[in-house]
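What follows is a single structure, written as structure tokens, with notes after it.
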4 protein chains.
Amino acid sequence: MSQKFLYAKHGPDDPTRPVQIGSAVFGGADVPVIAGPCSVESLEQLEEIAQTLKALGIVCMRGGAYKPRTSPYGFQGLGEPALDMLAQIRRKYDLAIITEVMTLEQIGPMHDRIDCYQVGSRNMQNFDLLKALGRQQKPVVLKRGLSATLQEFLYAAEYILAGGNPNVILCERGIRSYEPMTRNTLDLAGVAMLKELTHLPVIVDPSHATGRRSLVPACARAAVAVGADGLMLEAHPVPDQSVSDAAQAISLERLHALMGEIEPVAQAVGRNLHGEGSR
Amino acid sequence: MSQKFLYAKHGPDDPTRPVQIGSAVFGGADVPVIAGPCSVESLEQLEEIAQTLKALGIVCMRGGAYKPRTSPYGFQGLGEPALDMLAQIRRKYDLAIITEVMTLEQIGPMHDRIDCYQVGSRNMQNFDLLKALGRQQKPVVLKRGLSATLQEFLYAAEYILAGGNPNVILCERGIRSYEPMTRNTLDLAGVAMLKELTHLPVIVDPSHATGRRSLVPACARAAVAVGADGLMLEAHPVPDQSVSDAAQAISLERLHALMGEIEPVAQAVGRNLHGEGSR
Amino acid sequence: MSQKFLYAKHGPDDPTRPVQIGSAVFGGADVPVIAGPCSVESLEQLEEIAQTLKALGIVCMRGGAYKPRTSPYGFQGLGEPALDMLAQIRRKYDLAIITEVMTLEQIGPMHDRIDCYQVGSRNMQNFDLLKALGRQQKPVVLKRGLSATLQEFLYAAEYILAGGNPNVILCERGIRSYEPMTRNTLDLAGVAMLKELTHLPVIVDPSHATGRRSLVPACARAAVAVGADGLMLEAHPVPDQSVSDAAQAISLERLHALMGEIEPVAQAVGRNLHGEGSR
Amino acid sequence: MSQKFLYAKHGPDDPTRPVQIGSAVFGGADVPVIAGPCSVESLEQLEEIAQTLKALGIVCMRGGAYKPRTSPYGFQGLGEPALDMLAQIRRKYDLAIITEVMTLEQIGPMHDRIDCYQVGSRNMQNFDLLKALGRQQKPVVLKRGLSATLQEFLYAAEYILAGGNPNVILCERGIRSYEPMTRNTLDLAGVAMLKELTHLPVIVDPSHATGRRSLVPACARAAVAVGADGLMLEAHPVPDQSVSDAAQAISLERLHALMGEIEPVAQAVGRNLHGEGSR
């Protein structure tokens, strides 16, 4: 791996360089959790989730305002009003907000209302978007493309880094394979490989990776054990009523229990869970 | 396959609805060829290719002004000056020009200089771009995403159709598989499947599909035999000196010979090659 | 590609070395067709198919006596009695018989009743079986493993060649990919690549590759156009009543029509169809 | 999942039914480790490894006598003499021996010298071999095929179970994907999925899954965290001198350290490591 790339470690002992979203530090001793709904549905929904997150010590909330949907007739997200709701929740609960950005036009309006941009799998090689996110300083969670190699993933991050923004967090969220039982194939060995190649923090999204809520807890534990620097989880007050990705969202009760399950795993690998469990 | 989708056939006998690029009709009795360099390099390069295309009866020229590159440090295309060169060639040789559009901002400047927009594999699910191309009427060659299912491919086309632009041509260009010897895996059965599902013309790009120039002629023949409505070929005066994708470009001499090889295959399946061979 | 391998060409111009099954020559000017049912079901079934094959000039019949089935509770083939039926048909109609061998124990009993052993995809790396087939001289149709690379495919052939049996025919039958609409992904560029690497004949099985009878004709035409040295087709008097792989078998009427469609494609690439069409 | 299959749980709360290899219980409170060389090379090699295993409290040793090799010219294992060495080590150190069986002929000679048969990935659908292993009672470690779906994997196990042998342990060892940096793609979500579908114990082989020794420890930890019932690890006194799969074997020192790393993870998920760490 050539050293001319900004993502590359200078040597095998070059440590992870932490990236902060709000008060959560990714790439350090803690393993912060980002949780929230696939799509923002209403202020009430966000309030209920936010209260749970606060109670669990989770400081990062995810929620989609604009949704990339395979079919043009699928629910495309509430858009601008959802951003306003997220901004309200952010102020009221002091939560760091992460939301997906799909176009250059959305970057500006989002800027004062959120703490971190998410680039989805379908846009991992939307180079124009990556370049634009490199010209600002808010952190970016970059999701691995559906069939991106690790090298392509790192090159996509390089587009942002090369623009002048060092605050990139990589997110493994499953790759496409022939296996039909899970939505995607979670590549945890890929996470371990990335940790060798780059100083960027690497987090894992077991919700999209599996597409099945029953598998999320086990995969979350495994992600922490493999060395992930954080988790991104889909949680919903009534998962089956989620307007998108219902099958993979866990309930707030399950999220609570999961925090307790992850904590000892984090400690087993010499880290702490950033949240209630770690108190 | 529900009939509510604009891409869908009304029934198994619903014919392909032709889409025209310049004087070339895709989806009819002819099998037109689109040929040209991966990247526009100079006016001289384009002149030399254009003269060959004219001599071969090929009326559509491809050439990249903006190049989506995996690494931010790769050659990104000549940009605006390349568009000007393409526009010059277009006027001088009366060739229809196809070039890749990567951003919304490029749509306008391209509009008067080209005849057809190409959406590359990496942008197949750049929904914002698809929507914008749906709001204008120039034809769009939509390339299949690197690991897109046929259903996702058709849904991506639907984004353009739903916007009001019926002029979409699908392009199979190989999908990602585990096989390392070819750059991608050409899915010709997928072409036959698409022809059952949609009235949209389907063309094949054997250059990107294989990544090896020695395989291009055989795959071009197979594409015509399977029922493809056209071919897109990378050709270069001195392939090994191509600034991008050198391994897969064929020489102008090989292009000449290939036209002669494809013609009888086209006739064997009841069609004509649009070009010299068909005279 | 090192020349120490027996499968390898001595140079790019080293021609295909033909392999004969009965009177059919694979790897020469003809493109012979092998057709028949997935499973041998009854003597009546075989009679009906045999008569059609004779009428169409097809001289090779396939039919499974032992079936490798994913589930232990699936139909496993009629076994020994099926071999007897095949032997009867062979004598009565002077057809060359190809059937799948799954175990070393089956090699002996098959020997005098058939003309060619078939090694199925699941056994492509059953090295013990390959070695045993290398110690006898009857031709072997070796099917590509479900996710075998071309290199692994060639090495599997080498096991047979190294044992002393030069009569190996490679068969591309689709590889596993993420695409759900077709049973497998037919890799025709892989066929072109194999033809560069080896002097062994390469045939194509569009039935297993697609798993959909409507796609078989187009893929058969494409296989011939890409340079395949033969075809293997599943045909059944009443396809929907086939005890196995019903969705992919074509009717005898469709087989008849298909021969007429393939013939001009074979001629377009400088070959002849071995069968009625070629008269 | 139909209940007529022997592999299936009777309900979501149906527990894992433990399978024993020697004194190690897979599927219970412990997470036993199986370790040893890819290939048996010499008695000295085995002695050195055996002493380490004993010191670490590991009671199961793996070692290949017959090796399935992609090329016929690759090292095929020492064969019968290796079985004798394994039998010697077994007696002297009271270690349970696991070795790969490739043919029916090998079953008998192995029977009194080993404790557990291993069926490799290439033979996962060698149904004849599976049936034969179902007719005896020694435990079988069944490795997932290179591109086997979970359903196919379970059906393969069913072949053994249906024959009358309930002692099957499933082993996830990575599946084939497009990613070139790791040898295979470790499917840990698949392990969690299997645990929902079957009462059979499921173990993980991070050595073959990754093909890189530096990734083995992290993946071993993740496997335990996801709920695996055991681990299979390649270890060698001098990994770089291993005659096969050298890149993925870990040293005996690394194995020692790894046991200490896995132990707390096992405890974090409510289990114990079967070995030194658990004392």
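The values are calculated or read from the model by the stated rules, or taken from the named source; none is laboratory data. Just so you know, these numbers come straight off a predicted model, no measurement behind them. Please note: Cβ atoms are built from the backbone with ideal geometry, for glycine as well, and neighbour counts cover all protein chains shown. With ligands, DNA and RNA removed, areas are computed over all heavy atoms of the protein, side chains included. Shrake-Rupley method; radii C 1.70, N 1.55, O 1.52, S 1.80 Å.
Are any residues in region A:74-103 within 14 Å of chain B (Cβ to nearest Cβ) and in contact (Cβ under 8 Å) with a residue 12 or more places away in the chain, and if so, which ones? Selection gives A:74, A:75, A:77, A:79, A:100, A:101, A:102, A:103. Filtered by the rule that a residue be under 16 Å from the mean Cα position of the chain (by Cα), within 12 Å of chain C (Cβ to nearest Cβ) and not in a loop (DSSP other than H, G, I, E, B), region D:120-147 gives D:121, D:122, D:123.
Cβ-Cβ contacts under 7 Å between residues 6 or more apart (or on different chains), taken from a first residue in region C:151-170 that is closer than 13 Å to residue C:5 by Cα to a second residue that is modelled with pLDDT under 95 and open to solvent by 40 Å² or more (accessible area, probe 1.4 Å), are absent.
Those strands (runs of 3 or more DSSP E) of region A:1-65 in which 3 or more residues are among the hydrophobic types (A, V, I, L, M, F, W, C) and buried (at least 24 other Cβ atoms within 10 Å of the Cβ) occupy A:30-36. With the structure loaded, tell me whether residue A:226 is closer than 22 Å to residue A:45 by Cβ, without any contact (Cβ under 8 Å) to a residue 40 or more places away in the chain and of a type outside the set (Ser, Thr, Tyr) or whether it fails that test. No.
Among the residues of region D:105-119, those identified as assigned to a loop (DSSP other than H, G, I, E, B) and in contact with a Lys or Arg (Cβ under 9 Å, 6 or more places away or on another chain) are D:113, D:114, D:115. Say whether the condition of being assigned to a loop (DSSP other than H, G, I, E, B) and among the polar types (S, T, N, Q) is met by at least one residue in region D:82-100. Within region D:82-100, none of the residues are assigned to a loop (DSSP other than H, G, I, E, B) and among the polar types (S, T, N, Q).
Tell me the residue from A:202, A:168, A:216 that is buried (at least 20 other Cβ atoms within 10 Å of the Cβ) and within 20 Å of residue D:216 (Cα to Cα), please. Answer to the selection: A:202. Somewhere in region B:180-199, is a residue open to solvent by 10 Å² or more (accessible area, probe 1.4 Å), under 22 Å from residue B:58 (Cα atoms) and within 11 Å of another protein chain (Cβ to nearest Cβ)? Looking through region B:180-199, none of the residues is open to solvent by 10 Å² or more (accessible area, probe 1.4 Å), under 22 Å from residue B:58 (Cα atoms) and within 11 Å of another protein chain (Cβ to nearest Cβ). Consider region B:157-179 and keep the residues that are of a type in the set (Gly, Ala, Ser) and within 16 Å of the chain's Cα centre (by Cα). The one that is farthest from the other protein chains (Cβ to nearest Cβ) is B:157. Taken over region C:223-262, the criterion of being surrounded by fewer than 20 Cβ atoms within 10 Å (Cβ to Cβ) and polar (S, T, N, Q) is satisfied by C:241, C:244, C:251.
Exactly one residue out of A:220, A:235 is closer than 27 Å to residue D:144 by Cβ and in contact (Cβ under 8 Å) with a residue 24 or more places away in the chain: that is A:220.
Yes or no: residue A:109 surrounded by 24 or more Cβ atoms within 10 Å (Cβ to Cβ) and of a type outside the set (D, E, K, R)?
Numbers: surrounded by 24 or more Cβ atoms within 10 Å (Cβ to Cβ): no; of a type outside the set (D, E, K, R): yes.
Against the criterion (surrounded by 24 or more Cβ atoms within 10 Å (Cβ to Cβ) and of a type outside the set (D, E, K, R)), residue A:109 does not qualify.
Listed by first and then second residue, the pairs linking a residue in region C:176-196 that is over 18 Å from residue D:176 (Cα atoms) and touching a residue at least 60 places away in the same chain (Cβ under 8 Å) to a residue that is in a helix (DSSP H, G or I) and open to solvent by 20 Å² or more (accessible area, probe 1.4 Å), with Cβ atoms under 7 Å apart and 6 or more places separating them unless they lie on different chains, are C:196/B:214.
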